[in-house]
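The values are calculated or read from the model by the stated rules, or taken from the named source; none is laboratory data. These numbers were taken from a predicted model, which means no experiment stands behind them. In this analysis, Cβ positions are derived from the backbone assuming ideal geometry, glycine residues included, and neighbour counts consider all displayed protein chains.
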Amino acid sequence: MKQLYLIFILFVALSYNSSAQEGPSPLDDLPDYITQVTHFGQRADWSHDGERILFIEKTFGDVFEVEVATGKITPMTHHFFHEGFVRALYLANGDILLSGAKNFNSEDPWKSRDARNTELWVLKKDLKSPPVALGVHCKEGPAVSRKKMNIAWALGSTIYIGEIDYENEKPKLKNWKPLFTSGILPSPAKGWDLETQNFNPVNEKELFFYAFGGQFGFQAEVMGYNIEEKKFTNYSKSKETYDEAEGIFPDGLTMLIESNRHRLNYKGMKEFLTLDIYMLKLDETGDVERVTYFNDNPEYKASNPVVSDDGRYMAFQHAHAEDPAGKGRGILVMDLKAWEKKKGKR
């Protein structure tokens, strides 16, 4: 069944690409508030001082760090042998949380992105030693606190939470436990697949995640979970659109999402090929505002946005519309203050 599903995705992607109207690349005419900082890479994450961006070379690739002001790129995982990583995120102490499998088979690569094989690791910021495995598996991206050593991750239909501690300077996961399963989510997300995204930077008692399901799995809702009150909130109220949670602003009032709201006439599998970046208000109104327009040419998309800790800049990636989820072809930075001046107050 899984093989048929992947074949169907490939068929839709190819048919979509062949029918798309050719047009200029959005990189050919970037607005003055967007700067391309790398010409390869994906899944950006801001350093706490806003001076550097961590990113993955490619799915199952090495991890790099780019200095935004100079464009200097530093390899972070060249000092040890590995099978490639799918996520890299700064921890509160500056160390790096990695997600990747112990084994990689180029003839069957996607198994290394499967939750049954992908594990979490901690790489110390001095880059003097290989990363240390935390002993847990993770489905897609983990959520990392920007203030504490807390992390959350999904596995199967369950979301877990834990704390990274250092015993004799060796990172170790402690006090970890399940938070909830998708079976207790409110409708329409009950029983859907889950991926963690962010802790609320103002009140870390709330964890943001997204649930995706519906027909072909291409409906997604941005949700929050109050850890103390054990209460769920549906923030996107997407009504059969695809809204995937991404970076959150430091005031906790707005979140960046990937969405296909500008192409609601595209139904089924094609929805996943029509993404751009939006801002979602976290006030339960479901109000959104479009931020990027890369998908105005249906051959391209913008995705995986994250916000610097001061709220001034957004890092994101560009890709071809038919690229697999998460694939990026370079990291860009948007000056949000300059963007506000250009388009008026949001």
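Residues in the stretch 91-144 that are aromatic (F, W, Y) and over 21 Å from E167 (Cβ atoms): 2 in all.
Of the listed requirements (1) closer than 20 Å to A44 by Cα; (2) modelled with pLDDT of 95 or more, S129 misses just one: (1).
The single condition from (1) touching a Pro at 6+ places or on another chain (Cβ under 6 Å); (2) surrounded by fewer than 17 Cβ atoms within 10 Å (Cβ to Cβ); (3) closer than 21 Å to G326 by Cα that T158 fails is (3).
For the stretch 38-79, how many residues are in a loop (DSSP other than H, G, I, E, B) and of a type outside the set (S, T, Y)? Residues flagged as in a loop (DSSP other than H, G, I, E, B) and of a type outside the set (S, T, Y) within the stretch 38-79 amount to 17.
Note on the stretch 182-206: residues that are modelled with pLDDT under 95 and among the polar types (S, T, N, Q) amount to 2. Somewhere in the stretch 12-29, is a residue part of a loop (DSSP other than H, G, I, E, B), modelled with pLDDT of 95 or more and under 29 Å from D310 (Cβ atoms)? Scanning the stretch 12-29 turns up no residue that is part of a loop (DSSP other than H, G, I, E, B), modelled with pLDDT of 95 or more and under 29 Å from D310 (Cβ atoms). For the stretch 167-181, indicate whether the set of residues that are polar (S, T, N, Q), modelled with pLDDT of 95 or more and in a strand (DSSP E or B) is non-empty. Yes: the stretch 167-181 contains one or more residues that are polar (S, T, N, Q), modelled with pLDDT of 95 or more and in a strand (DSSP E or B).
Residues in the stretch 292-301 include at least one that is outside any loop (DSSP other than H, G, I, E, B) and within 28 Å of A115 (Cα to Cα). Note on the stretch 239-248: among residues that are out of contact with any helix residue (DSSP H, G or I) (no Cβ under 8 Å at 6 or more places or on another chain), buried (at least 23 other Cβ atoms within 10 Å of the Cβ) and of a type outside the set (D, E, K, R), the one that is farthest from R87 (Cα to Cα) is I248. I'm told N103 meets every condition in (1) touching a Gly at 6+ places or on another chain (Cβ under 9 Å); (2) assigned to a loop (DSSP other than H, G, I, E, B); (3) modelled with pLDDT under 95 except one. Can you identify the failing condition by its number? Every listed condition holds for N103 apart from (1).
In this structure, is G191 touching a strand residue (DSSP E or B) at 6+ places or on another chain (Cβ under 6 Å) and without any contact (Cβ under 8 Å) to a residue 40 or more places away in the chain? It is false that G191 is touching a strand residue (DSSP E or B) at 6+ places or on another chain (Cβ under 6 Å) and without any contact (Cβ under 8 Å) to a residue 40 or more places away in the chain.
Looking only at residues of the stretch 202-245 that are in a strand (DSSP E or B) and among the small types (G, A, S), we find that the one that is nearest to S157 (Cα to Cα) is A211. With the structure loaded, tell me whether F209 is hydrophobic (A, V, I, L, M, F, W, C) and at pLDDT 95 or above or whether it fails that test. Yes, satisfied.
Scanning the stretch 39-87 for residues that are basic (K, R) and over 17 Å from the mean Cα position of the chain (by Cα), we see that the one that is surrounded by the fewest Cβ atoms within 10 Å (Cβ to Cβ) is K72.
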